[in-house]
Amino acid sequence: MIADHILVRYGELTLKGSNRKSFVNQLKVNAQRALSNLDGFKLKANRDRMYIELSDEADTSAIIQRLTQVFGVKSVSPVFKIDKTLEAANRQAVALANAYQPNQTFKINVKRSDKGFPMETFELQRKIGAAVLENTEDLTVDVHEPDHNIHVEVRHDAIYVYDEIVDGPGGLPVGTGGKALLMLSGGIDSPVAGIEIMRRGVTVEAIHFHSPPFTSEKAKEKVIELTRIMSKRVGTIKLHIVPFTEIQKQINKVIHPRYTMTSTRRMMMRIADKLVHQIEADAIVNGENLGQVASQTLKSMYAINHVTSTPVLRPLLTLDKEDIVKKARAIGTFDISIEPYEDCCTIFTPKNPVTEPKFAKVEQYESVYDFDEMIERATANIETLNINESYQSETNSLTEELADDLF
Ligand code: ATP
Ligand code: MG
């Protein structure tokens, strides 16, 4: 049976005053964008929920699928909007129950927010339940663990009946929480970190450090593909690709091998920080996870972080790897992330990087060369791509060029 409306419930209902107003307005814009290539519906956002009116041509399941990707949506239900009479409620509940399997159980849940409605909640529940039992075969009531919950909401404008609730991602609508720059490698973690931060309402642009020919064109394509997958949830994402080869080579020339990793990260951070100011973002986000690898100890984070006063957010800091993997699978980035193309960090990783870099030492090593000019050049030559769901790379699988003579 095809519903006539979709009910959208908001997350974070504790929001008050003007925050709530901008939340609802932004959510409406984001929902409309998510549905922009579908038709046959009309969207109306109220203070406490959203209704989408469906015409006969509407593809209800596609609309539901898309809405449950929108941050700020707590859950959605296909609903029937009916007249405010007991007879209409009975009819609709029976119609739903007629689709259930024999010997299944159900429960009627009445919510009566229109206190002026002439019948009490309990009475309504009983009468609608009786109507369902009378007009169906082999169904029974189970108030504890029913196979089907038939919800009847008596509101001021109408009665709404439904038996399905599909969970959304919750969180806050993207666009309500400022802007951040996501350091996006081709790995498993950083796309997950990006999604986590977007779920809190933050608009994200991404930065990727690319070191051809040490890293292949495929590694770059992988990052484009990861961005494309993320963009399905939030619309176009700007991806800034930084030419990093020159800096990478210089690091390997002048920095002690055990410190190249720390130094590489510091240079990345310095460039990210410059871009943050250019794009007027408020924070840097990365996929670091405490203790996971050499560069991710507290000492290491301290040494790397020292080059910037911009807040560096690490949404995955305390998660276990298996939970990150679970999240990566759920958002659809895992299979791309595990493709084998190396990123610059993997290729340049020394055999035994220092796990507890001494801050003073890094500074000393870096002081033998003035990196400023290279950093300026890399920043000036950033290539920016606008990636959306239907983005297609101009380059398709180019031949792999590998680093032959590194040091
Ligand atoms: P990931 O799975 O995100 O690559 P990781 O566990 O492999 O993380 P590292 O490779 O040490 O960890 O990188 C730590 C973080 O530094 C990454 O999560 C990412 O935010 C950032 N980073 C690393 N390499 C790059 C790169 N080439 N471009 C942009 N950011 C990068
Ligand atoms: Mg990595």
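Every read-out reported here was derived from the displayed coordinates using simple, explicitly stated rules and does not represent laboratory data. Everything numeric in this text was worked out from a predicted model, so none of it was measured. For neighbour counting, all protein chains shown are included, and Cβ atoms are generated from backbone atoms with ideal geometry for every residue, glycine included.
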Checklist entry - Dividing the Cα convex hull volume of the stretch 63-113 by residue count, how many Å³ per residue is that? => result 136 Å³
Next on the checklist: Please report the spacing between the Cα centers of the stretch 67-141 and the stretch 248-271 in Å, no decimals.
Outcome noted: 64 Å
Item to check | Segment Lys249-Ser309, length gained on full extension (0.36 nm per residue, minus Cα span) | outcome: 19.0 nm
Checklist outcome for this item: Sequence order, the stretch 219-236: Karplus ³J(HN,Hα) from phi using 6.51 cos²θ - 1.76 cosθ + 1.60, θ = phi - 60°, Hz rounded, Gly and Pro as x, gives 5, 5, 4, 4, 5, 4, 5, 4, 5, 4, 5, 5, 5, 4, 8, 10, x, 4
Checklist outcome for this item: Set Lys220/Lys358; Lys321/Lys358; Lys21/Lys42; Lys218/Lys321; Lys220/Lys249; Lys220/Lys253, cut-off 29 Å on Cα-Cα distance; pairs above it are Lys220/Lys358
Next on the checklist: Given the DSSP H assignment, sum -39500 (n - 2.57) over each helix run of at least 4 residues in the chain and divide by its residue total; what's the result at 222 nm in deg cm²/dmol, nearest 500?
Outcome noted: -11500 deg cm²/dmol
Checklist outcome for this item: The FRET efficiency for Lys84 and Leu298, from their Cβ-Cβ distance with R0 = 41 Å and rounded to 0.05, is 0.10
Next on the checklist: Check which residues have an amide H placed less than 5 Å from Lys111's amide H, if you skip close sequence neighbours.
Outcome noted: Val152, Glu153, Val154
Checklist entry - Taking 0.36 nm per residue of separation and subtracting the Cα-Cα distance, what length does fully extending Asn46 through Ile382 add? => result 116.7 nm
Item to check | Point-to-point label distance, Ile338-His277, nm (Cα→Cβ direction, 7 Å offset) | outcome: 4.2 nm
Item to check | Whichever lysines have a C-alpha closer than 19 Å to that of Lys327, once near sequence neighbours (fewer than 8 apart) are set aside | outcome: Lys74, Lys222, Lys232
Checklist outcome for this item: The set of residues whose placed amide H lies less than 5 Å from the amide H of Arg200, leaving out same-chain residues fewer than 5 positions away, is Leu172
Checklist entry - Taking the chain as a Gaussian network, where each spring joins two C-alpha atoms under 10 Å apart, which residue of Tyr51, Tyr369, Tyr259 fluctuates the most? => result Tyr369
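With the convex hull built on the Cα atoms of the stretch 242-307, state its orientation-averaged projected area in nm².
Hull-based average projected area comes out at 4.9 nm².
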Checklist entry - Once Rh is set to the Kirkwood radius over Cα pairs, what Stokes-Einstein translational diffusion coefficient, in µm²/s, holds for the stretch 72-145 at a temperature of 25 °C and a viscosity of 0.890 mPa s? => result 182 µm²/s
Checklist entry - Rounded to the nearest 20 Debye, what is the dipole magnitude of the chain about its Cα centre when Lys and Arg each give +1 and Asp and Glu each give -1 at the C-beta? => result 1380 debye
Checklist entry - Using the Karplus equation 6.51 cos²θ - 1.76 cosθ + 1.60 (θ = phi - 60°), what ³J(HN,Hα) coupling, rounded to whole Hz, does each residue of the stretch 170-181 give in order, writing x for Gly and Pro? => result x, x, 10, x, 4, x, 9, x, x, 10, 9, 9
Checklist outcome for this item: For Lys115, counting only aspartates and glutamates whose alpha-carbon sits under 14 Å away and dropping same-chain residues fewer than eight positions off, the answer is Glu123, Glu153, Asp157
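Given the Cα-Cα distance of Asp372 and Ala330 and 0.36 nm per residue of separation, how much length would full extension add, in nm?
11.1 nm
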Checklist entry - Taking the stretch 1-81, which trypsin sites (Lys or Arg not before Pro) meet the DSSP loop condition and have no more than 13 other C-beta atoms within 10 Å? => result Lys16, Arg47
Checklist entry - For Asp163, which sequence-distant residues (separation of 5 or more, or a different chain) have an amide H within less than 5 Å of its own amide H, given hydrogens modelled in the peptide plane? => result His151
Checklist outcome for this item: Per the charge dipole of the stretch 98-242 (beta-carbon charges, Lys/Arg positive, Asp/Glu negative, Cα centre), the residue among Gly116, Leu181, Tyr162 reaching farthest to the positive end is Leu181
Checklist outcome for this item: Quick note, the stretch 18-153: a/c under 1.5 would make it rounded; otherwise a/b > b/c is prolate and the rest oblate (a ≥ b ≥ c, C-alpha gyration tensor); here it is prolate
Item to check | Net charge of Cβ neighbours under 12 Å - reference Gln69; Lys, Arg +1; Asp, Glu -1 | outcome: +3
Item to check | Relative contact order (%) - the stretch 1-127, alpha-carbon pairs under 8 angstrom, separation at least six | outcome: 30 percent
Checklist entry - What is the dipole size for the stretch 229-388, taken about its Cα centre, with +1 at each Lys and Arg Cβ and -1 at each Asp and Glu Cβ, in debye to the nearest 20? => result 340 debye
Checklist outcome for this item: the chain: spread of alpha-carbon positions along the three principal axes, whole Å, largest first, is 86, 44, 37
Next on the checklist: Ratio of alpha-carbon Rg to the 2.2 N^0.38 Å globular estimate for the stretch 213-334, to two decimals, please.
Outcome noted: 1.14
